[in-house]
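Below is one structure, written out as structure tokens; the observations come after it.
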Amino acid sequence: REHWPEVELDIVSGFHTEPTTLVENGIADFAVIHDEPPKRAGVVTEHLFTYETLAIVSPRHAYAQKAWLQPQDFIGETLISYPVDDAMLDVVRHFLAPQDIRPRRRNAELTIAILQLVASGRGIAALPEWSVRPYLDRGYVVGIPLGPKGLHCELHAAMPESLASRAYIRDFIAKVREQAPRATAAS
């Protein structure tokens, strides 16, 4: 707002499984999307940053001292996550499903609710490191890499081709990258 007072900012609320469709249909001028999307006519996508998804456990959990988790560690555990389809969860899609592991699920709509359930020993979550950093720093929960190399994920921007070079869009993307997790920010 400080740099672009004439640009209106409205946030499309709710969870959208296909945010790029909002851009295609003129409902949104900018969407943050997960993973590199397929090419779509009239839509420009751009890598924003890469981040690590961590397993999140209570400090009292038996896994709290492990260097990293393997998919088999989720057998017999409850995976606490947002109420979305398994195909939308990186931990399921890229880490558990390839090993045909399907833990029990418990859903919560808010990150803080997920963290409260985890901290009270109700299960394990898998969340972006950047989204839970303050809780990790305070020792409220413990973050553990998924696999020996970790599970790294990407966020991308999608925008109409007609707006992609506008100065306010370029400035917004630059600010997102500036605020991105330092170790994995896009260059």
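The values are calculated or read from the model by the stated rules, or taken from the named source; none is laboratory data. Because the structure is predicted, anything quoted here is derived from the model rather than measured. With ideal geometry, Cβ positions are generated from the backbone for all residues, glycine too; neighbour counts draw on all protein chains shown. Ligands, DNA and RNA are excluded from the accessible area calculation, which covers all protein heavy atoms including side chains. Shrake-Rupley method; radii C 1.70, N 1.55, O 1.52, S 1.80 Å.
Contact annotation: no residue pair with Cβ atoms under 7 Å, 6 or more positions apart or on different chains, pairs a residue in segment 18-37 that is more than 20 Å from Tyr168 (Cβ to Cβ) and of a type in the set (Phe, Trp, Tyr) with a partner that is in a loop (DSSP other than H, G, I, E, B) and modelled with pLDDT of 90 or more. For segment 134-154, the set of residues classified as closer than 25 Å to Thr17 by Cβ, open to solvent by 30 Å² or more (accessible area, probe 1.4 Å) and in contact with a helix residue (DSSP H, G or I) (Cβ under 8 Å, 6 or more places away or on another chain) consists of His152 only.
Residues in segment 17-29 that are open to solvent by less than 60 Å² (accessible area, probe 1.4 Å) and in contact with a Leu (Cβ under 8 Å, 6 or more places away or on another chain): Ala28 only.
When Leu48 is tested against the conditions (1) among the aliphatic types (A, V, I, L, M); (2) open to solvent by 20 Å² or more (accessible area, probe 1.4 Å); (3) touching a His at 6+ places or on another chain (Cβ under 8 Å), the lone failure is (2).
Checking segment 92-102 against the condition returns a match, with at least one residue being outside any helix (DSSP H, G or I) and more than 21 Å from Val57 (Cβ to Cβ).
Looking only at residues of segment 1-16 that are touching a helix residue (DSSP H, G or I) at 6+ places or on another chain (Cβ under 7 Å) and touching a residue at least 24 places away in the same chain (Cβ under 8 Å), we find that the one that is surrounded by the fewest Cβ atoms within 10 Å (Cβ to Cβ) is His3.
In segment 45-79, the qualifying residues are those that are assigned to a loop (DSSP other than H, G, I, E, B) and among the charged types (D, E, K, R), and the one that is nearest to Pro19 (Cα to Cα) is Glu77. Would you check which residues across segment 90-118 are open to solvent by less than 30 Å² (accessible area, probe 1.4 Å) and not hydrophobic (A, V, I, L, M, F, W, C) and list them? Across segment 90-118, the qualifying residues are Asp90, Pro103. Does Ala87 meet the test of being part of a helix (DSSP H, G or I), modelled with pLDDT of 95 or more, surrounded by fewer than 16 Cβ atoms within 10 Å (Cβ to Cβ) and among the hydrophobic types (A, V, I, L, M, F, W, C)? It is false that Ala87 is part of a helix (DSSP H, G or I), modelled with pLDDT of 95 or more, surrounded by fewer than 16 Cβ atoms within 10 Å (Cβ to Cβ) and among the hydrophobic types (A, V, I, L, M, F, W, C).
When you go through Leu22, Leu9 one by one, which is the residue that is part of a helix (DSSP H, G or I) and at pLDDT below 90?
Result of the check over Leu22, Leu9: Leu22.
Restricting the first member to segment 100-124 and to residues that are over 22 Å from Ala87 (Cβ atoms), and the second to residues that are assigned to a helix (DSSP H, G or I) and open to solvent by 30 Å² or more (accessible area, probe 1.4 Å), the beta-carbon pairs closer than 9 Å and six or more apart or on different chains are Ile112/Tyr135; Leu115/Tyr135; Ala119/Tyr135; Arg122/Gln116.
Checked against the criterion of being closer than 30 Å to Arg1 by Cα, in a strand (DSSP E or B) and open to solvent by less than 30 Å² (accessible area, probe 1.4 Å), the candidates Ala125, Ala157, Ala164 yield just one match: Ala157. Consider segment 67-84 and keep the residues that are more than 19 Å from Arg122 (Cβ to Cβ) and not aliphatic (A, V, I, L, M). The one that is most open to solvent (accessible area, probe 1.4 Å) is Trp68.
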